[in-house]
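Note sheet for the following structure.
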Amino acid sequence: MEKETQTYFFPDDGRIPNHPDFPLVVYQNALKDTGLAERIVIRHGWSNSWSGSVFPYHHYHSNTHEVLIALRGEAVIQFGGEKGAAIPFKSGDAVVIPAGVGHKKLSSSPDFTVLGAYPGGIQYDMKTGKPNEREEAVKQIKQAALPANDPITGKREPLLEIWVK
């Protein structure tokens, strides 16, 4: 089954570095049964999972990519920093966020809940765009390992087909 995806590429905005090569990948209606989300991503090699909401301030992870799956409710999440894109995100949708790409919750329904996970269960770092974290973060972003599999399909595609062009 072909997953419908959209990609968004965000340039470095001076505060949020974003990823120099990889776009954000949004999967609409990725999962019909969000109750299986954690099991699916773990089976596909993405772990160290958590569930909750998305912080209401711009932040990013410089050392790993991240998948977010909306388990319940809906939200609007801004990706790519202040000049990025505000993307509606609803139950069943997923997004793979490349290392360095900023994200921030702008609004949500009261029941909005996401599952987050990382390729290989990497322990993620937390960056907020402060000048003193930038130099090290930019190095780390370039070194973040490619995941072995797409967290939703468990195959190379669509994620690695998009990222390795």
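Quick one: is Gly73 at positive phi and either among the basic types (Lys, Arg) or modelled with pLDDT of 95 or more (or both)? Walk me through it before giving the result.
Numbers: at positive phi: yes; either among the basic types (Lys, Arg) or modelled with pLDDT of 95 or more (or both): yes.
In short, yes.
Of all residues in the range 47-67, which are part of a strand (DSSP E or B) and either surrounded by fewer than 22 Cβ atoms within 10 Å (Cβ to Cβ) or on the phi > 0 side of the Ramachandran plot (or both)? Step through it out loud before you land on a result.
Residues of the range 47-67 part of a strand (DSSP E or B): 47-52, 59-60, 66-67.
Hits for the range 47-67 are Ser47, Asn48, Ser49, Trp50, Ser51, Gly52, His59.
All but one of (1) loosely packed, with under 15 Cβ neighbours inside 10 Å; (2) touching a residue at least 60 places away in the same chain (Cβ under 8 Å) hold for Gly14, so report the exception by its number.
If we test Gly14 against (1) loosely packed, with under 15 Cβ neighbours inside 10 Å; (2) touching a residue at least 60 places away in the same chain (Cβ under 8 Å), just (2) comes out false.
Please determine, by comparing only the residues of the range 155-165 that are assigned to a loop (DSSP other than H, G, I, E, B) and surrounded by 13 or more Cβ atoms within 10 Å (Cβ to Cβ), which one is nearest to the chain's Cα centre (by Cα). Step through it out loud before you land on a result.
As a first pass, look at the range 155-165 and keep what is assigned to a loop (DSSP other than H, G, I, E, B): 155-158, 164-165.
Those left that are additionally surrounded by 13 or more Cβ atoms within 10 Å (Cβ to Cβ): 156-158.
Working: Arg156: 17, Glu157: 16, Pro158: 15 Å.
If we take residues in the range 155-165 being assigned to a loop (DSSP other than H, G, I, E, B) and surrounded by 13 or more Cβ atoms within 10 Å (Cβ to Cβ), then Pro158 is nearest to the chain's Cα centre (by Cα).
Which residue is nearest to Trp46 (Cα to Cα), if the candidates are limited to the range 133-154 and must be of a type in the set (A, V, I, L, M) and crowded, with 23+ Cβ neighbours inside 10 Å?
Checking each candidate, the answer is Ile152.
Do you know which residues across the range 12-42 are in a loop (DSSP other than H, G, I, E, B) and either within 16 Å of the chain's Cα centre (by Cα) or aliphatic (A, V, I, L, M) (or both)? I'd like the intermediate steps shown before the answer.
To start, the set of residues in the range 12-42 that are in a loop (DSSP other than H, G, I, E, B) comprises 12-23, 28-33.
Of everything in the range 12-42, those that are in a loop (DSSP other than H, G, I, E, B) and either within 16 Å of the chain's Cα centre (by Cα) or aliphatic (A, V, I, L, M) (or both) turn out to be Ile16, Pro17, Asn18, His19, Pro20, Asp21, Phe22, Pro23, Gln28, Asn29, Ala30, Leu31.
Out of contact with any Pro (no Cβ under 9 Å at 6 or more places or on another chain), β-branched (Val, Ile, Thr) and in contact (Cβ under 8 Å) with a residue 12 or more places away in the chain: does that describe Thr64? Give the steps one after another, and end with the answer.
Numbers: out of contact with any Pro (no Cβ under 9 Å at 6 or more places or on another chain): no; β-branched (Val, Ile, Thr): yes; in contact (Cβ under 8 Å) with a residue 12 or more places away in the chain: yes.
Judged against the criteria, Thr64 is not a match.
I'm trying to understand the selection: among the residues of the range 77-103, which are surrounded by fewer than 21 Cβ atoms within 10 Å (Cβ to Cβ), of a type outside the set (A, V, I, L, M) and either within 18 Å of Ile16 (Cβ to Cβ) or in contact with a strand residue (DSSP E or B) (Cβ under 6 Å, 6 or more places away or on another chain) (or both)? Talk me through it step by step, then tell me what you get.
Filtering the range 77-103 down to residues surrounded by fewer than 21 Cβ atoms within 10 Å (Cβ to Cβ) leaves 78, 82-83, 85-88, 90-92.
Subsequent filtering for residues that are of a type outside the set (A, V, I, L, M) retains 78, 82-83, 88, 90-92.
Gln78, Glu82, Lys83, Pro88, Lys90, Ser91, listed by residue number.
Does any residue of the range 119-132 turn out to be touching a strand residue (DSSP E or B) at 6+ places or on another chain (Cβ under 6 Å), at positive phi and surrounded by fewer than 19 Cβ atoms within 10 Å (Cβ to Cβ)?
The answer is yes; a qualifying residue exists.
Residue check: is Ile152 under 13 Å from the mean Cα position of the chain (by Cα), β-branched (Val, Ile, Thr) and outside any strand (DSSP E or B)? So that I can check it myself, show each step before the final result.
Values: under 13 Å from the mean Cα position of the chain (by Cα): yes; β-branched (Val, Ile, Thr): yes; outside any strand (DSSP E or B): yes.
Answer is yes for this residue.
The values are calculated or read from the model by the stated rules, or taken from the named source; none is laboratory data. Note that this is a predicted model, so its numbers are computed, not measured. So basically every Cβ, Gly included, is an ideal-geometry build from the backbone, and we count neighbours across all protein chains shown.
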